[in-house]
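Asker: Quick one: structure below, then a few questions.
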Amino acid sequence: MPLISWSDKMSVGVAALDEEHKQLVELLNALHDGIQAGRAIDVLAQVLDGLVFYTANHFRHEEELFASTGYPASCEHKLEHDHLTGQVMEIQARLQSGAQETLSYEVVNFLKNWLFNHIQGSDKRYGPFFNANGIK
Ligand SMILES: [Fe+2]
C-alpha cells in the first residue's frame, strides 16, 4: 500500500509540473515499499539515483518558467531548490560511504517534508501567477 496517494488537493495548477511532482511521490512510495519489504538499502540506492536525476530536471523546468514569466518570488524559491539539492547530494555521499538502514527512514521523512513544505507551500504559490501568464 502506498504511503502517499496523489490527490487533486496537491495540484499546483500546472499539469506538467503536477506530473513531475507525482514522480516525487512515486520515489517516496518506492522507498516506503522497499523498507516494508526488507530491502531498504537496495531501494534507497535506486531512489537516490532517481532523485538526483529528478532534482536536476524538475528544478530546471520550474526555474525556466520563473525566468520566462518574470516570477517575482524566484530568488527565494531558487534558494529552496539549492538547499534541497544540497541535501540530496549530502544524503547520496553518506550512502556511498556506507549506508545504514536508519538513513532510509531519514530519507522518507526528508521526502515527506519536501512534499508537504516545498510542493504544498512554495510551489503552490506560483500556480496562480503561472496561470495568469497562460501556463496551465
Ligand atoms: Fe519548486
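Asker: Give me a comma-separated list of calculated 3J(HN,Hα) values for the stretch 114-124, in order, Karplus coefficients 6.51, -1.76, 1.60 applied at θ = phi - 60°, integers in Hz, x for any Gly or Pro.
Answerer: 4, 5, 8, 9, 6, 5, 7, x, 4, 5, 4
Asker: Same structure, new question: Cross-link partners among aspartates and glutamates for K112, C-alpha distance below 12 Å, same-chain residues fewer than 8 apart left out?
Answerer: Reachable aspartates and glutamates: E26.
Asker: Taking the alpha-carbon distance from K136 and a cut-off under 17 Å, which lysines remain once sequence neighbours fewer than 8 residues away in the same chain are dropped?
Answerer: K9, K22, K124
Asker: I'd like to know which of Q92, S7, A30 lies farthest towards the positive end of the charge dipole of the chain, counting +1 on Cβ of Lys and Arg and -1 on Cβ of Asp and Glu.
Answerer: Working it through, the farthest residue towards the positive pole turns out to be S7.
Asker: Equivalent-ellipsoid semi-axes (√(5λ), Cα gyration tensor) for the stretch 14-132, whole Å, largest first?
Answerer: 28, 14, 11
Asker: Counting pairs of alpha carbon atoms under 8 Å apart in space and at least six apart in sequence, what relative contact order in percent does the stretch 14-132 give?
Answerer: 37
Asker: Taking only DSSP H segments of four or more residues, each worth -39500 (n - 2.57), what value at 222 nm results for the chain once the sum is divided by all its residues, to the nearest 500 deg cm²/dmol?
Answerer: Only helices count here, giving -24500 deg cm²/dmol.
Throughout, read-outs are computed from the coordinates displayed, never taken from laboratory work. Computed from a predicted model, the values in this text were never measured in an experiment. Quick reminder, even Gly has a Cβ in these numbers, built from the backbone with ideal geometry, and neighbours come from all protein chains shown.
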